[in-house]
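> Can you keep this structure in mind? I'll have questions shortly.
The values are calculated or read from the model by the stated rules, or taken from the named source; none is laboratory data. Note that the coordinates shown come from a computational prediction; the quantities given were computed from them, not determined experimentally. Ideal geometry is used to build each Cβ from the backbone, glycine not excepted, and the neighbour counts take in all protein chains shown.
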Amino acid sequence: MVNPNPIDDLDIDRIVAVILSGMSLKEKALIARMDEKSLPYLQYAFDVYISRNIGDDPETGQAIMKRVWQTLQETHRIRIVRESAAR
């Protein structure tokens, strides 16, 4: 059954914060390295979390999963840092 009360962006941000706080650094780095085409492989895990904690709403699960990934792309992706030439 689909949740009759849709979740807004503020609620999604709160849920994402809770999910991220429970993840290890290794898990965060692993998800951050994934490309967007690989996200459906994570969908089952997020669907289980959503159905247990929020209700059965596949669209919300997808939105949360994508927001987690986008956040980790910004905060946990390994980047090459070049040494400054002006030392």
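> Which of (1) surrounded by fewer than 12 Cβ atoms within 10 Å (Cβ to Cβ); (2) of a type outside the set (D, E, K, R); (3) modelled with pLDDT under 80 does Ile50 not meet, given it meets every other one?
Going through (1) surrounded by fewer than 12 Cβ atoms within 10 Å (Cβ to Cβ); (2) of a type outside the set (D, E, K, R); (3) modelled with pLDDT under 80 one by one, Ile50 breaks only (1).
> Follow-up. Any residue in the range 54-73 that is without any contact (Cβ under 8 Å) to a residue 24 or more places away in the chain sitting within a Cβ distance under 6 Å of a residue that is in a helix (DSSP H, G or I)? List the pairs, counting only those 6 or more apart or interchain.
Note: pairs meeting the criteria are Gly61/Phe46; Gly61/Asp47; Gly61/Ile50.
> Follow-up question, since we're still on this one. Go through (1) modelled with pLDDT under 80; (2) under 12 Å from the mean Cα position of the chain (by Cα) and name the single condition Asp56 misses.
(2) is the only condition that Asp56 fails.
> List pairs: first residue in the range 16-36 and assigned to a helix (DSSP H, G or I), second residue among the basic types (Lys, Arg) anywhere in the structure, Cβ distance under 6 angstrom, at least six positions apart or on different chains.
Val16/Arg67; Ala32/Arg77
> For the range 78-87, does any single residue satisfy the condition of being surrounded by 17 or more Cβ atoms within 10 Å (Cβ to Cβ), at pLDDT below 90 and farther than 14 Å from Val16 by Cβ?
No, the range 78-87 has no match at all.
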